[in-house]
Amino acid sequence: MHTPGISITRRLRQTPFSKKVFGAGVSNFTVYNHMLLPTVFKSIEDDYHHLKSAVQVWDVSCERQVEIVGRDAKKLVNLLTPRDLQNLSLDKCSYAPITNISGGIINDPVIVKVEEDRYWISIADSDVLLWVSGIATGLSLEVKIFEPDVSILGIQGPLSNDLMKRVFGIDFENIKLFSIVKVPFKDTNFIAARSGYSKQGGFEIYVEGSIYAEDLWDTFFEAGKPLDVAAGCPNGIERVEAGLLSYGNDMTIENNPIECGLEKFCSPLSEKSYIGDKVLRKIMKTGPDKIIKSIEISGKPVPLCMEPWPLYFKDKKIGQITSAAFSPNFQTNVSLGMISIEYCNERSDINVRTPDGTRSAKIHEKSFI
Ligand code: THG
């Protein structure tokens, strides 16, 4: 099906890297946090193969930061998330869901402690700034909350460490996932983390100050020539293979972190209190009634999943697919979907109703990669 283009105006915010992204031949965008997020450069398949074999530079500025600074910053951050961040150190960041009073997911950000009493919440696509400001106002907390001038540049792919070494002169080979390092650039330093929205390995540089953005981009492309560096973006095939969840697609405010497989990021029973703890502790005790799984869909490449596709066991609706793509590596359709707990074991006797017909589907125990 032909999908129309997108009209770019001021309201649909560009990023400090947008000119470079246009110059690199971006061919499609989506909107994320009211901002442009590239989705395709050459083609989604070409981008996929390149991401898995070389190194890409990603403009993920749309992963906006919500800064919380002040005497009550730590208290507020720990109230927001089921994850216990009371001992988060300055050299680690953390993937931590944010929940409402019903245990519903408001967002699933990465949280960075920038200094004592100062945090950046690196958000997925929802208006966390408003949520957090409302809570701080209601509780009269001593904090400032705002969107700082910080834009993330992602360096993703198997050659990412090689490229980082060429640019910053530092070897990050032995740096663990979600560890923070400082990288020097011109007259400043940026925070960087071993993290990112792919399973190909990589780093995210929190570029503080838009004035540095284009120079940093150029530096990566100059240094990366021998590595076949290219502009890229979160890849719709690779992230489904990897089982990386997309807020708004695979889960919404209607879902709790337990059914999204995020229980390991929720602090165990009777620890700190947080918004939604009563409901979530109950669900952790009884177990969820549905759960997100990686699911294989048979047949020719599926179309783009623009609305949930129902899953059936015989005539009974047992769940829905929310993201799907044909995987060139596995030569089958990979997908993510939520499925009733009674049917969530590894099995292949279920069907999915896609826009171009009913297909058989198979539930996998783990993600594809
Ligand atoms: N990096 C940063 N900010 C972000 C994202 C990011 N904000 C928006 C969005 N992505 C938030 N969502 C996610 C989803 C998954 C992960 C990170 C952010 C992720 N998950 C790993 C996994 O599920 O295998 C590891 C989780 C863990 O072990 O802690 O990385 O990408 N800065």
*Could you run the Karplus curve 6.51 cos²θ - 1.76 cosθ + 1.60 with θ = phi - 60° over segment 50-58 and give me ³J(HN,Hα) per residue in whole Hz, x for Gly and Pro?*
5, 4, 7, 10, 10, 8, 10, 10, 10
_Rounded to the nearest 20 debye, what is the charge dipole size of segment 1-153 about its Cα centre when +1 sits on each Lys and Arg Cβ and -1 on each Asp and Glu Cβ?_
240
*Scan around VAL40 for amide H atoms under 5 Å from its own, H built in the peptide plane at 1.01 Å from N, and keep only partners 5 or more places away or cross-chain.*
SER27, ASN28
*For the chain, what is the mean residue ellipticity at 222 nm derived from helices alone (per DSSP H run of n ≥ 4: -39500 (n - 2.57); sum divided by total residues; nearest 500 deg cm²/dmol)?*
-5000 deg cm²/dmol
*Cross-link pairs LYS20/LYS264; LYS285/LYS317; LYS186/LYS264; LYS52/LYS362; LYS176/LYS366 - those with Cα-Cα distance over 28 Å*: LYS20/LYS264; LYS186/LYS264
*Per residue of segment 128-139, in order, report the coupling 6.51 cos²θ - 1.76 cosθ + 1.60 (Karplus, θ = phi - 60°) as ³J(HN,Hα) in whole Hz, putting x for Gly and Pro.*
5, 3, 5, 4, 5, 4, x, 5, 5, 5, x, 9
*asked:* Give me the percent relative contact order of the chain, please, defined on Cα pairs under 8 angstrom at least 6 residues apart.
replied: 17
*Taking N as the number of residues in the chain, what is its Cα Rg relative to 2.2 N^0.38 Å?*
1.00
*Ranked from highest to lowest mean number of other Cβ atoms within 10 Å per residue, what is the order of the peptides 5-16, 344-355?*
344-355, 5-16
*Go through segment 178-187 residue by residue and turn each phi into a ³J(HN,Hα) via Karplus (6.51, -1.76, 1.60, θ = phi - 60°); whole Hz please, and just put x for glycine and proline.*
6, 8, 9, 10, 9, 10, x, 8, 6, 9
*What is the dipole size for segment 256-369, taken about its Cα centre, with +1 at each Lys and Arg Cβ and -1 at each Asp and Glu Cβ, in debye to the nearest 20?*
160
*Return the tail of the calculated pair distribution for segment 240-369, meaning the percent of Cα-Cα pairs more than 25 Å apart.*
26
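Every number here is computed from the coordinates shown, using simple stated rules; none is lab data. Here the structure is a predicted model, which means the values were calculated and not measured. Don't worry about glycine lacking a Cβ; one is built from the backbone with ideal geometry, like all the others, and counts go over all protein chains shown.
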